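Data block below; observations after.
The values are calculated or read from the model by the stated rules, or taken from the named source; none is laboratory data. Everything quoted here is computed from the prediction, not taken from an experiment. Positions of Cβ are backbone-derived with ideal geometry, glycine not excepted, and every protein chain shown enters the neighbour counts. Only protein heavy atoms, including side chains, enter the accessible area calculation; ligands, DNA and RNA are left aside. Shrake-Rupley method; radii C 1.70, N 1.55, O 1.52, S 1.80 Å.
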Amino acid sequence: LAGYQFGVVVRADSPWKTLPDLIAYARQNPNKLNVGASDSASSVMMLAKMIREQAGVEWTEVPFIGDNAVVLALLSGTVQAAVCTGAHIPQVEDGKFRVLANATQERLKEYPDVPTLRELGFNLVSFTLSGIVGPKGLPEPIVQKLEEAFAKARSDPTFQKILKKMTLVPRFETGKDYENGVVNNYK
């Protein structure tokens, strides 16, 4: 039904306009950059580490309990950059944060000018899917009825409003398409 959008963000008043700018700074200033992410073993923290490793730079990943704490740390200047799962979107919309890259397979329609990590030369995609599954062998008439119900719910304005509030990206796939999305999401 939807997914969390992982993004690399900085404050809007930072000197870094692009991810290559941030990487160049980290390369010239080893271990001077603090990059926040939620939890020490979360997927966003792993993404921050993989960006650092693939870029061949040294920075410090700083773990926080949850994305909201990461956002507060970036707002206060405790960290200079962050990898978030969507909690940064309200600050982007308010002009306080700038997204340098998204970890999605393709550019987000909401941010057509923001490149993906892949476009910037990183072999990284991270998009946490949120969906509904049933037991194997579920009778086809039940599957069809459920798919129709979810399709109807998906177009409901209240559902759309909730997705936006939760900073989730709508994504509607059914059956094999969803299964393939889960399997291929990180390739």
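Quick one: which helices (runs of 4 or more DSSP H) lie wholly within the stretch 47-157 and hold at least 3 residues that are open to solvent by 60 Å² or more (accessible area, probe 1.4 Å)? Write out each step before concluding.
Working: elements: 67-76, 89-93, 140-154.
Result: 67-76, 140-154.
Would you say Q160 is open to solvent by 50 Å² or more (accessible area, probe 1.4 Å) and within 13 Å of the chain's Cα centre (by Cα)?
Answer is no for this residue.
Considering each residue of the stretch 1-46, count those that are in a loop (DSSP other than H, G, I, E, B), basic (K, R) and without any contact (Cβ under 8 Å) to a residue 40 or more places away in the chain, and give that number.
In the first step, residues of the stretch 1-46 are kept if they are in a loop (DSSP other than H, G, I, E, B); the result is 1, 6, 12-18, 29-33, 39-42.
Filter once more, so that each one left must be basic (K, R): 17, 32.
Filter again for without any contact (Cβ under 8 Å) to a residue 40 or more places away in the chain, leaving 32.
The number of residues fulfilling the criteria is 1.
Would you point out which residue out of T116, T128 is modelled with pLDDT of 90 or more and among the β-branched types (V, I, T)?
Working: T128 fails: modelled with pLDDT of 90 or more.
Just a single option satisfies the conditions, and that option is T116.
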